[in-house]
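J.: Okay, here's the structure, questions in a sec.
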4 protein chains.
Amino acid sequence: MRIGVIGLGNMGAGIAANLIKAGHEVTVYNRSRPKVDALAAQGAQAADTVADACGGDVVLTMLADDNAVAGVTLGDDGIIASSGSDTVHISSSTISVGLSKRLTDAHGDAGQKFVAAPVFGRPEAAAAAALFVVAAGAADAVSVVTPVFDAIGQRTFVVAEDPSAANLVKLSGNFLIGSVIESLGEAMALVAKGGVDRHQYLDILTSTLFSAPVYKTYGGLIANEQFEPAGFAAPLGHKDIGLVLSAAEELRVPLPIASLLRDRFLRLLAEGGEQLDWSAISSLAAADAGTSDHSA
Amino acid sequence: MRIGVIGLGNMGAGIAANLIKAGHEVTVYNRSRPKVDALAAQGAQAADTVADACGGDVVLTMLADDNAVAGVTLGDDGIIASSGSDTVHISSSTISVGLSKRLTDAHGDAGQKFVAAPVFGRPEAAAAAALFVVAAGAADAVSVVTPVFDAIGQRTFVVAEDPSAANLVKLSGNFLIGSVIESLGEAMALVAKGGVDRHQYLDILTSTLFSAPVYKTYGGLIANEQFEPAGFAAPLGHKDIGLVLSAAEELRVPLPIASLLRDRFLRLLAEGGEQLDWSAISSLAAADAGTSDHSA
Amino acid sequence: MRIGVIGLGNMGAGIAANLIKAGHEVTVYNRSRPKVDALAAQGAQAADTVADACGGDVVLTMLADDNAVAGVTLGDDGIIASSGSDTVHISSSTISVGLSKRLTDAHGDAGQKFVAAPVFGRPEAAAAAALFVVAAGAADAVSVVTPVFDAIGQRTFVVAEDPSAANLVKLSGNFLIGSVIESLGEAMALVAKGGVDRHQYLDILTSTLFSAPVYKTYGGLIANEQFEPAGFAAPLGHKDIGLVLSAAEELRVPLPIASLLRDRFLRLLAEGGEQLDWSAISSLAAADAGTSDHSA
Amino acid sequence: MRIGVIGLGNMGAGIAANLIKAGHEVTVYNRSRPKVDALAAQGAQAADTVADACGGDVVLTMLADDNAVAGVTLGDDGIIASSGSDTVHISSSTISVGLSKRLTDAHGDAGQKFVAAPVFGRPEAAAAAALFVVAAGAADAVSVVTPVFDAIGQRTFVVAEDPSAANLVKLSGNFLIGSVIESLGEAMALVAKGGVDRHQYLDILTSTLFSAPVYKTYGGLIANEQFEPAGFAAPLGHKDIGLVLSAAEELRVPLPIASLLRDRFLRLLAEGGEQLDWSAISSLAAADAGTSDHSA
């Protein structure tokens, strides 16, 4: 297939590379040029503008946030203005449910197809074509783009016809990670004040019921109380919990743990934690126990 | 070693059987006789009284709660009254930090040794000698009883010299399970109201970052909204969260998620949920979203 | 002074009437005409358009929400487009801090003066010229409009030069009322389940430390469990708590009770409580205690 | 009537003095002697032991906490051991619902009458016979002791036949005060970060809907951020919120704001706030907003 990829960060670059490897005809666009050149060296065609990446069967966007996606899609010379009715737009960014609905409507008004397909997995998984893809959209559109998902991920979950449902699933996953961070922060504050070594405690947890990657990865950060450099910075965590709460507001679903997480992030940021990893909210439980100085 | 085992429920019976298999000389006591007979058939010596189980090198208790353990240990003709200074009492029950401290003091006053060694693992793991043992106590006492741990578990973690630290770790584990239940309940209420199938959602979670047993086991119950029959009844969950909060109160550690869990259990019980599994607190999030009737 | 009044609801009508009584030259505008005629009968000049109400020294707006105020102010033929640089716009509506900042900037760009002056007091107080006015704005602008405040209220508090500070104070007042409702709901659920009559309990409270109007008014509603007809409907309470949380988000101030209130409102609305008074969130505490059916 | 008064702190001394003034025959007992002598100078008879204060129609206790009341009532040579079946024990201390039930049972077993009658009011109100008395007990017992209430208070509320209901009301009052402290702390953190003066803000509140003593008294402490010397120390506030939560646990009533208050007190105490007034929990909201250093 002829595929445009817009956004060549850590995730997008791996995705584009795997699309090339799978034999697709890939055109790439990125705001800063060096990343485009790196992909061109792997066989991609370089696009100078968003519009140049929009002529094919599919255009896939993998960008930082709502603003970036809205700008690239809705703006003058954006994807909608530059695509025909046969192009399917796959949005893989972590965006709000609200924006996903707006994009669905805008593409629909233009007679175009829109599929939301956020992914679970880190940059290494993107590079290894081992992402998990959560897709939602009209059945015919999803069907058309299945080869794209096959090329970039190890498994695809099609969850609904309404694209925004996929975004909701992705956001809820970040909410669950935040819940793990907070609960581990509380548990470690408790056992550490009771005289138990935090690393040994984590070893017990991950050897038993809590053997999942999320406990190993974040548990290690929390046990080490090392929150710099940030893998995923606190303002991004704050933003995503805000998006979860907005979606929940719209659907009228009270989420008490999400409310707690929001308050934790506000406090961390009010105290100067902009540069810290989002798992640093765990330090607040230790601070409240009087056992840690969490100053950023 | 000569070992008395007091308490032959699902966990204690498996433990006693494995001690026999490992070649130890095991005497067993249980309040109701049939369970004693079953172990006697496997080679144990039957004790008619608690005191009869107390003559050896070790006496291990595996009972339902604080009251049972306190009764058997501190009462007339109890373990303390019936043991010499060479016997080590291993307490494997899930009891309060407060009782663990009382038992430590009482054994100390009697010149006896006390080791707390709660376990992680279900009855099947107990039967398979595959428990994880979290032990705490004076180094010499722990050293003496290491063969006991080797016979019943796949791995032992010695966490502190103060026995109650092991109980704190065990209780904190139940707090973390409770946190998983609550956060899954909230996340499922959200995505379900957004049109996503709960079972498919769970499949996504457990295929990716949340691959641990705790998510699979409790996620299944929550997705099915099936809370009867109870694997671990709501009043027991309520009790354990209460024990976590009491320990945290003593140590002065605020635990906002534990406070939330306590309120959830109070509500579930006030609404008549005595017979339900403790994972039924997840249904409250769905009820608050207006998408489920959680009436017990 | 020559004063335009836009918005003749229960509050605006009383304000306009008192401005007339104080001898000001008052022009009134309202979307529906009968209210205009009623004021005209008291001596006001009737305006057919927003622009017609904008020619004088002051234009005061008293409208339902952000949308209404933004529409009237920023739209074509709105206040900004229709006023000169000598007119001061007094905004007395309960609006968001964000809109107040936008209006401040927009008037500033147009060389115009903007004062935020939300009021405390019910329609009866508006009719009796007994409002409490909380004003904020540039000192010269506030000084110009002081006679307006004198005519409509019993006391004016000038809190800051940044107009949005007055809106923040007003919103925080609604947050405090919400806190009283929630805490009374919890306390009454507790003592009622303990066998105490709710009305007698309220009598005790308001005879002692809690003698303020807010306890009497809302306590009565809560004790009676009578939430219809709504004095201030639940969706409005929900909206105002949302505005408080947005302002707090912007300022990075965690407000755990406001988060709780937000979750309460979401639940009340998810369960169908649209028509109820906002004090109906108190019924959720009783429902959770199993002592009340709070179905809307 | 012949009345024994046990406990001559700030409250008890005022109560005893007013009973003397009303013409009753008063015998007083206190652990430290000087306070006894002061009352003797006003006409009381001095008792050397608890038993010596127990011979009359009524014995009223006004002591610090559960321990003190239980010791004086249930111990050897305590009130129960030293009283006949005609004596009514009035307990005016702020004690737990649980202890109140124990005392009710113990007096009942001894064929004696027990009335719980905690009071609302500060030491000045006790001195001025202006307390509010919240009484509960068997109707005949309450009827007998009405002259006592008339002598010490301005008004008596008889709330139930079960004495512990009166204790529940008293404790719930402290919960409501705690709720006011927390909500004011949050509101002031918000408006102060938004540029509004805390004292002016309090003036606005107490001039309008929030004119009750509780807002004036605690609002002043919070606006001043002056928490020493303590009028009511943080550990006492912590204890009372714990008693509220225990009563709610027993009755199965979730109280989310009480859970929040408990976490606030734990944090304040963990950070070293033992000497501070209980209103110092308000400083935590300011600390979390990054606008105040709340270090004790």
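The values are calculated or read from the model by the stated rules, or taken from the named source; none is laboratory data. Values in this document were obtained by computation on a predicted structure and should not be read as measured data. With ideal geometry, Cβ positions are generated from the backbone for all residues, glycine too; neighbour counts draw on all protein chains shown. Please note that ligands, DNA and RNA were not included when accessible areas were found on the heavy atoms of the full protein model with its side chains. Shrake-Rupley method; radii C 1.70, N 1.55, O 1.52, S 1.80 Å.
J.: Going by the structure shown, is C:Ala138 over 19 Å from C:Ala248 (Cβ atoms), within 11 Å of chain D (Cβ to nearest Cβ), surrounded by fewer than 24 Cβ atoms within 10 Å (Cβ to Cβ) and at pLDDT 95 or above?
T.: No: the conditions fail for C:Ala138.
J.: Kindly establish whether B:Ser172 is among the polar types (S, T, N, Q), over 27 Å from B:Gly84 (Cα atoms) and touching a residue at least 40 places away in the same chain (Cβ under 8 Å).
T.: Yes, satisfied.
J.: List every residue pair whose Cβ atoms sit under 6 Å apart, with the two residues 6 or more apart in sequence or on different chains, where the first one lies in the range A:140-152 and is of a type outside the set (Val, Ile, Thr) and the second, anywhere, is surrounded by 19 or more Cβ atoms within 10 Å (Cβ to Cβ) and outside any helix (DSSP H, G or I).
T.: Going by the 6 Å Cβ cut-off, the qualifying pairs are A:Ala141/A:Val88; A:Ala141/A:Lys113; A:Ala141/A:Val115; A:Phe149/A:Val133; A:Phe149/A:Thr156.
J.: Can you name the condition, by its number, that B:Leu131 falls short on among (1) open to solvent by less than 10 Å² (accessible area, probe 1.4 Å); (2) more than 13 Å from every other protein chain (Cβ to nearest Cβ)?
T.: Exception for B:Leu131: condition (2).
Matching residues to (1) closer than 30 Å to C:Trp278 by Cα; (2) at pLDDT 95 or above; (3) in the same structural domain as C:Gly75 (by TED's automatic domain parsing); (4) among the β-branched types (Val, Ile, Thr):
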{"site": "C:Phe114", "(1), (2), (3), (4)": "no, yes, yes, no"}
{"site": "C:Pro123", "(1), (2), (3), (4)": "yes, no, yes, no"}
{"site": "C:Phe132", "(1), (2), (3), (4)": "yes, yes, yes, no"}
{"site": "C:Ser143", "(1), (2), (3), (4)": "no, yes, yes, no"}
{"site": "C:Phe157", "(1), (2), (3), (4)": "yes, yes, yes, no"}
{"site": "C:Gly173", "(1), (2), (3), (4)": "yes, yes, no, no"}
{"site": "C:Leu176", "(1), (2), (3), (4)": "yes, yes, no, no"}
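J.: Identify, please: which residue in the range B:97-120 is in a strand (DSSP E or B), open to solvent by 10 Å² or more (accessible area, probe 1.4 Å) and not charged (D, E, K, R) and is, among those, farthest from A:Thr208 (Cα to Cα)?
T.: B:Phe114
J.: Just one of B:Ala40, B:Ala17, B:Ala53 is more than 20 Å from the chain's Cα centre (by Cα) and farther than 15 Å from B:Ser91 by Cα; which is it?
T.: B:Ala40
J.: Going by what's in this entry, would D:Ala230 be described as more than 7 Å from every other protein chain (Cβ to nearest Cβ), crowded, with 17+ Cβ neighbours inside 10 Å and not in a helix (DSSP H, G or I)?
T.: yes
J.: Within the range C:166-194, can you find the residues that are open to solvent by less than 20 Å² (accessible area, probe 1.4 Å), more than 7 Å from chain D (Cβ to nearest Cβ) and closer than 15 Å to D:Gly173 by Cα?
T.: C:Val180, C:Ile181, C:Leu184, C:Gly185, C:Met188
J.: Ok, one more. Of the conditions (1) more than 10 Å from chain A (Cβ to nearest Cβ); (2) outside any helix (DSSP H, G or I), B:Thr291 fails just one. Which one is it?
T.: (1)
J.: Being open to solvent by 10 Å² or more (accessible area, probe 1.4 Å) and under 14 Å from B:Val5 (Cβ atoms) is the filter here; which residues of the range B:52-67 pass it?
T.: Passing the criteria: B:Asp52, B:Gly55, B:Gly56, B:Asp57, B:Met62, B:Leu63.
J.: Kindly list, by first and then second residue, each pair from a residue in the range C:42-69 that is in the same structural domain as C:Arg31 (by TED's automatic domain parsing) to a residue that is aromatic (Phe, Trp, Tyr), limited to pairs with Cβ atoms under 6 Å and residues at least 6 apart or on different chains.
T.: C:Ala47/C:Tyr29; C:Val50/C:Tyr29; C:Ala53/C:Tyr29
J.: What are the residue pairs meeting all of these: first residue in the range D:87-109, first residue among the charged types (D, E, K, R), second residue buried (at least 24 other Cβ atoms within 10 Å of the Cβ), Cβ atoms under 7 Å, and 6 or more apart or on different chains?
T.: Filtered contacts from the range D:87-109: D:Lys101/D:Ser164.
J.: Quick one: in the range B:195-223, of everything that is of a type in the set (Val, Ile, Thr) and either more than 7 Å from every other protein chain (Cβ to nearest Cβ) or open to solvent by 10 Å² or more (accessible area, probe 1.4 Å) (or both), which residue is nearest to A:Ala125 (Cα to Cα)?
T.: Checked the range B:195-223; the qualifying residue nearest to A:Ala125 (Cα to Cα) is B:Thr208.
J.: Against the conditions (1) modelled with pLDDT under 95; (2) within 14 Å of chain B (Cβ to nearest Cβ); (3) assigned to a helix (DSSP H, G or I), where does C:Phe265 fall short? Just the number, please.
T.: Looking at each condition in turn, C:Phe265 falls short on (1).
J.: When the residues of the range B:246-255 are narrowed to those that are crowded, with 23+ Cβ neighbours inside 10 Å and in a helix (DSSP H, G or I), which ends up nearest to the other protein chains (Cβ to nearest Cβ)?
T.: Per the stated criteria, the residue is B:Ala248.
J.: Given the criteria in the same structural domain as D:Leu176 (by TED's automatic domain parsing) and either open to solvent by less than 30 Å² (accessible area, probe 1.4 Å) or within 25 Å of A:Ala270 (Cβ to Cβ) (or both), does D:Ala280 qualify?
T.: Yes: the conditions hold for D:Ala280.
J.: For A:Ser91, work out the one condition from (1) buried (at least 24 other Cβ atoms within 10 Å of the Cβ); (2) of a type outside the set (A, V, I, L, M, F, W, C); (3) more than 27 Å from A:Asp48 (Cβ to Cβ) it doesn't fulfil.
T.: Single failed check for A:Ser91: (3).
J.: Then there is this: State the number of residues belonging to the range D:149-165 that are open to solvent by less than 20 Å² (accessible area, probe 1.4 Å), under 21 Å from C:Asp203 (Cβ atoms) and not in a strand (DSSP E or B).
T.: Residues in the range D:149-165 being open to solvent by less than 20 Å² (accessible area, probe 1.4 Å), under 21 Å from C:Asp203 (Cβ atoms) and not in a strand (DSSP E or B): 5 in total.
J.: If you take the residues in the range B:212-236 that are within 15 Å of A:Val214 (Cα to Cα) and touching a helix residue (DSSP H, G or I) at 6+ places or on another chain (Cβ under 7 Å), which one is modelled with the lowest pLDDT?
T.: B:Ala212
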